[in-house]
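Please read the structure below before turning to the comments.
The values are calculated or read from the model by the stated rules, or taken from the named source; none is laboratory data. It should be emphasised that the depicted structure is a prediction, and the values quoted were computed from it without experimental measurement. We place every Cβ from the backbone using ideal geometry, glycine too, and count neighbours over all the protein chains shown. Quick note on the areas: whole protein, heavy atoms, side chains included, nothing else; ligands and nucleic acids left out. Shrake-Rupley method; radii C 1.70, N 1.55, O 1.52, S 1.80 Å.
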Number of protein chains: 2
Amino acid sequence: MSISDFRADLGDIPVEDHPRIVQQRSRDHYWYSPILKAKLDHVTAEIVVSPRSNAEVKTVLAAAFRHGVAITPRGAGTGNYGQAMPLSGGAMLNLMNMDKVLEIKPDRVRAQAGAVLEQMDHQTRESVNGELRFHPSTYRMASIGGFIAGGSGGVGSIRWGGLRNIGSILGVKVITCEENPRELDLVGEDILKVAHAYGTNGIIVEAEMPLTQAHDWVDMIVGFDDFIEACRFGGAVALQDGLLVKEVAPCAAPIPQDYFNRHKPYIRDGQSVVLLMVAPVAVDAMTLFVAHHKGEMLYRSDEASAEELKRLPPVYELAWNHTTLRALKVDPTITYLQTRYPTVAHVEKIISILGDELPMHIEVGRQDGVVMYGGLPLVRYTTEERLNEIIRIHEENGCAVFNPHRYTLEEGGMKRTDQKQLDFKREADPKGMLNPGKMIAWDDPNFDFNAGRVWLFDGLNPVNAA
Amino acid sequence: MSISDFRADLGDIPVEDHPRIVQQRSRDHYWYSPILKAKLDHVTAEIVVSPRSNAEVKTVLAAAFRHGVAITPRGAGTGNYGQAMPLSGGAMLNLMNMDKVLEIKPDRVRAQAGAVLEQMDHQTRESVNGELRFHPSTYRMASIGGFIAGGSGGVGSIRWGGLRNIGSILGVKVITCEENPRELDLVGEDILKVAHAYGTNGIIVEAEMPLTQAHDWVDMIVGFDDFIEACRFGGAVALQDGLLVKEVAPCAAPIPQDYFNRHKPYIRDGQSVVLLMVAPVAVDAMTLFVAHHKGEMLYRSDEASAEELKRLPPVYELAWNHTTLRALKVDPTITYLQTRYPTVAHVEKIISILGDELPMHIEVGRQDGVVMYGGLPLVRYTTEERLNEIIRIHEENGCAVFNPHRYTLEEGGMKRTDQKQLDFKREADPKGMLNPGKMIAWDDPNFDFNAGRVWLFDGLNPVNAA
């Protein structure tokens, strides 16, 4: 591998090599996990390359192939799994210069990978009163390419399911890492070859997404004395198809009091809350529904003053992993888990065992059409052993854990090899230059996922060193 | 009661009193049921009154109150429960002259009661690319007021649930039948006072409904050799929130072969079908999904010729009670039931017992957020006793029946008194002039719903005769 030879082949494609800047741009939000933080803190690329077109991406990938330089693609770097951390050094491929919205139709939008989600929605609202079905809580920063490569759903999943569900992505354009990189347009089932593959098997440069009717979503915070009542209310909302919502997130006390700095004046001591985003057309019905469930309407943005609206972040920036982020800002010892509770009774059981060690945060969503209590509980972290114990307690009680303290595709969620993604990597990245170390199946086909051991990628070394 | 005194008070409000025309306009589609047909065939009003404004409706209702004339409101008369049949004679209140769309916003529409659903959608599509969430299969004729007063859901219920679910109706304006009729604007929970009340407790003159994103829905017909596979496919579609559909209806062979005259050239002998309406944005994903489920794509409107599109009715006119209508046109001995199968296993069980006596037709929908197999099976009718036996077989096997062979609110679906509707009738129709005989609770508070006997309204007589 020769970074200088690689660089020499890039022509006038913008490159950054100042070590401190490169290291800054080599980070994602892996540091929500103390375990990933310990493992990845020293990881850095050698240069950052910022192509401005598909042709320039091809130039970069051909050079990487030729010179054996590892390529780690990166959007806004808002992921939490270390998915954009360059384990083998090499080059960060920054796609944020490719941020154009290419085409808007009444029911779909096509954009370059680096287009920021909020910016896309601005344009599609303006043009066809449409918006993306879902977005992460990092809406204002995250790119569409990064969301597809590293995300799985978010705000809107209560209505539309997950990003990898059939119909959620209409098409992606991917560039391969070969001697002569190819542009491949993937549609239908082929989209799953690269969706949530962390850019390990092709660089997503464009995506086409369905649009749904845009709404000026009304933020609401509803209080309950009892967190389980808050969960029951959240589940009941999710079952009302006529009650159009985009976000339903119960957060147990003392999360709102301790970590929602701007909103806490609205919330009484001991109160748990449900965060809601409600379509204006459903506001009256929701008000009624809240009263029926004996919830207390603590805040609604449609009745807030201009000063309040200016001061308060949107509710989605209290939810998903922004809940964790807000907790971390106050208490750096906090971390989190990613879990799934089939019923409210499961939530109740886990709380009865773990209590305040695991301040509970639920994202109510639909998984294959069924209402599901997705957990993003905070964890008052002590040791890795105790964290593993907490995971074990979940699993023993019938609650799945998608471990956010692992940086590989398989360990973080899929729990097994995705054969389609592996096969596609053989085709699109035959030398294994793309985001090395993230797909276990590529590096260690005999890895035993049931052994429970941490997979140690011996990266941080050049791949395919001559 | 004096019709002539009543009429004298109507000023220049249009009135029709030619007996044959009045009788024609006194009909709804009760005749899908041989039992209702026998009971109601001779029912007719004495005059038809066709007001053109809320003020004229008030004039009519004040006169009815004063002179003791029964008033039966009517939209397009497309209901199947005899809900618009004037059991006590008197006046039909034809609301189809009040058909204006009053206001369109991006997420809602307000219209007069007589506005035809298809016409409303034309205007809202044109203006804000929006459409109503759901409509009956009588979309081209039915009015919004009639749909709210007599319907419960339909095409779109797969996505949005039912008409009486919270959030499905934003508001209604109702006129009371009193000495001085009042205009009441009902919102929130109060809407349920008159939704699906057959106009027994107030005349709906305006309604405000949510709009959703309009689509040029693609009709599809998918074939399966086995009907149970067709149901499983339908259920699987319903669970895919990313696969945007408006209609999913499995119809067992020989329904399509025998009754879908225009479409039958597309369908092989013995094939069962699933009728689908798919958003263009979901067509590729659906094609994939069909292939996965080993369905055969028999027809899709987006690939049909101009000639085919002209010749073939839209798929929704094969579904809901249009299935029954098409069967009736071919075989006048056919009738139907309205049932609910909690699972496909329930469907299978009923078919195993009843076989071809009950050609199966399912409307897959969501009921309180849960996928449900709503049944509209055809029945090869022999006797009322046998029909009751078929109902009993359903109930014994855990499948609810909403008997479409009864014309009262309670017997047709609710199975019990709706106290809110009854209380509102006391307030809005103190003399009981509105659609007499349809609300058992009003006429016979001691009626025992568990006795299983048919409630015999001794109507066809003047109400409140002096």
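Could you list, in sequence order, the residues of segment A:308-336 that are touching a strand residue (DSSP E or B) at 6+ places or on another chain (Cβ under 6 Å) and either charged (D, E, K, R) or over 15 Å from A:PRO136 (Cα atoms) (or both)? Result: A:ALA327, A:LEU328, A:ILE334, A:THR335, A:TYR336. Of all residues in segment B:227-252, those that are more than 9 Å from every other protein chain (Cβ to nearest Cβ) have Cβ atoms under 7 Å from Cβ atoms of residues that are polar (S, T, N, Q) and open to solvent by less than 10 Å² (accessible area, probe 1.4 Å), 6 or more apart or on another chain, in B:PHE227/B:SER272; B:ALA230/B:SER272; B:PRO250/B:SER272; B:CYS251/B:SER272; B:CYS251/B:THR323; B:ALA252/B:SER272.
Counting only helices (runs of 4 or more DSSP H) that fall entirely inside segment B:1-89 and contain at least 1 residues that are over 20 Å from B:LEU328 (Cβ atoms) and hydrophobic (A, V, I, L, M, F, W, C), the qualifying elements are B:3-8, B:19-25, B:54-67.
Considering B:TYR299, B:TYR336, B:TYR316, which residue is under 21 Å from B:TYR373 (Cβ atoms), touching an Asp or Glu at 6+ places or on another chain (Cβ under 9 Å) and not basic (Lys, Arg)? After applying the criteria, what remains is B:TYR316. Just wondering, is there one or more residues in segment B:404-426 that are polar (S, T, N, Q), surrounded by fewer than 15 Cβ atoms within 10 Å (Cβ to Cβ) and assigned to a loop (DSSP other than H, G, I, E, B)? Looking for residues that are polar (S, T, N, Q), surrounded by fewer than 15 Cβ atoms within 10 Å (Cβ to Cβ) and assigned to a loop (DSSP other than H, G, I, E, B), one finds none in segment B:404-426, hence no.
Hey, B:GLN24 hits all of (1) over 24 Å from B:LEU409 (Cα atoms); (2) surrounded by fewer than 18 Cβ atoms within 10 Å (Cβ to Cβ); (3) at pLDDT below 95 but one; which does it fall short on? It fails just one condition, (1).
Here the helices (runs of 4 or more DSSP H) wholly within segment B:279-346 that include at least 2 residues being more than 14 Å from chain A (Cβ to nearest Cβ) and hydrophobic (A, V, I, L, M, F, W, C) are B:306-311, B:321-330. Residues that are under 23 Å from the mean Cα position of the chain (by Cα), within 14 Å of chain B (Cβ to nearest Cβ) and not polar (S, T, N, Q) do not occur anywhere in segment A:266-275. Of all the listed residues (B:ARG392, B:ARG311), the sole one being open to solvent by 40 Å² or more (accessible area, probe 1.4 Å), closer than 22 Å to B:LYS39 by Cβ and among the basic types (Lys, Arg) is B:ARG392.
Only a single criterion out of (1) modelled with pLDDT under 95; (2) in contact with a helix residue (DSSP H, G or I) (Cβ under 8 Å, 6 or more places away or on another chain) is not satisfied by B:ALA111, namely (1).
Checking each residue in segment A:256-267 for being surrounded by fewer than 24 Cβ atoms within 10 Å (Cβ to Cβ) and touching a strand residue (DSSP E or B) at 6+ places or on another chain (Cβ under 7 Å) picks out A:HIS263, A:TYR266, A:ILE267. Scanning segment A:357-384 for residues that are over 14 Å from A:LEU337 (Cα atoms) and among the charged types (D, E, K, R) returns A:ARG366, A:ASP368. On the stretch given as segment B:405-422, residues that are of a type in the set (Val, Ile, Thr), at pLDDT 85 or above and over 27 Å from B:THR324 (Cα atoms) total 0. Among all residues of segment B:193-205, there is at least one that is touching a residue at least 60 places away in the same chain (Cβ under 8 Å), touching a helix residue (DSSP H, G or I) at 6+ places or on another chain (Cβ under 8 Å) and over 25 Å from B:ARG108 (Cα atoms).
Across segment A:90-116, the number of residues qualifying as within 22 Å of the chain's Cα centre (by Cα), buried (at least 20 other Cβ atoms within 10 Å of the Cβ) and not in a strand (DSSP E or B) comes to 6.
The criterion of being open to solvent by 10 Å² or more (accessible area, probe 1.4 Å), in contact with a Leu (Cβ under 7 Å, 6 or more places away or on another chain) and not in a loop (DSSP other than H, G, I, E, B) holds for A:VAL371.
Among the residues of segment A:357-373, which ones are away from chain B (no Cβ under 14 Å) and free of Cβ contacts under 8 Å to residues at least 40 places away in the same chain? Listed by number, the residues that qualify are A:GLU357, A:LEU358. With respect to the conditions (1) surrounded by fewer than 24 Cβ atoms within 10 Å (Cβ to Cβ); (2) free of Cβ contacts under 8 Å to residues at least 40 places away in the same chain; (3) under 20 Å from A:LEU95 (Cβ atoms), A:SER127 falls short on a single one, namely (3).
Looking at this structure, is B:GLU247 under 22 Å from the mean Cα position of the chain (by Cα) and modelled with pLDDT of 95 or more? In short, yes. In segment A:187-213, the qualifying residues are those that are open to solvent by 10 Å² or more (accessible area, probe 1.4 Å) and either outside the structural domain of A:ARG133 (by TED's automatic domain parsing) or among the polar types (S, T, N, Q) (or both), and the one that is farthest from A:ARG300 (Cα to Cα) is A:THR212.
One residue stands out among those in segment B:168-185 that are open to solvent by 10 Å² or more (accessible area, probe 1.4 Å) and closer than 23 Å to A:MET286 by Cα: the one that is nearest to the chain's Cα centre (by Cα), which is B:ILE169. When the helices (runs of 4 or more DSSP H) confined to segment B:117-216 are screened for residues that are away from chain A (no Cβ under 14 Å) and not aliphatic (A, V, I, L, M), those reaching at least 1 such residues are found at B:117-128, B:144-150. Contact annotation: residue pairs with Cβ atoms under 6 Å, 6 or more positions apart or on different chains, pairing a residue in segment B:326-354 that is assigned by TED's automatic domain parsing to the domain that holds B:ASN388 and under 18 Å from B:ILE393 (Cβ atoms) with a partner that is part of a helix (DSSP H, G or I) and open to solvent by 50 Å² or more (accessible area, probe 1.4 Å), are B:VAL344/B:ARG232. All conditions in (1) within 14 Å of chain B (Cβ to nearest Cβ); (2) more than 27 Å from B:ASP190 (Cα to Cα); (3) acidic (Asp, Glu) hold for A:ASP258, with the sole exception of (1). Scanning segment A:297-332 for residues that are over 28 Å from A:GLU118 (Cα atoms) and in contact with a helix residue (DSSP H, G or I) (Cβ under 8 Å, 6 or more places away or on another chain) returns a single hit, A:ASP331. Going through segment A:34-49 one residue at a time, which ones are buried (at least 21 other Cβ atoms within 10 Å of the Cβ) and in contact with a strand residue (DSSP E or B) (Cβ under 6 Å, 6 or more places away or on another chain)? Those that are buried (at least 21 other Cβ atoms within 10 Å of the Cβ) and in contact with a strand residue (DSSP E or B) (Cβ under 6 Å, 6 or more places away or on another chain): A:ALA45, A:ILE47, A:VAL48, A:VAL49.
Of the residues contained in segment B:379-391, none is found to be in contact with a helix residue (DSSP H, G or I) (Cβ under 8 Å, 6 or more places away or on another chain), farther than 19 Å from B:ILE255 by Cα, in contact (Cβ under 8 Å) with a residue 24 or more places away in the chain and outside any helix (DSSP H, G or I).
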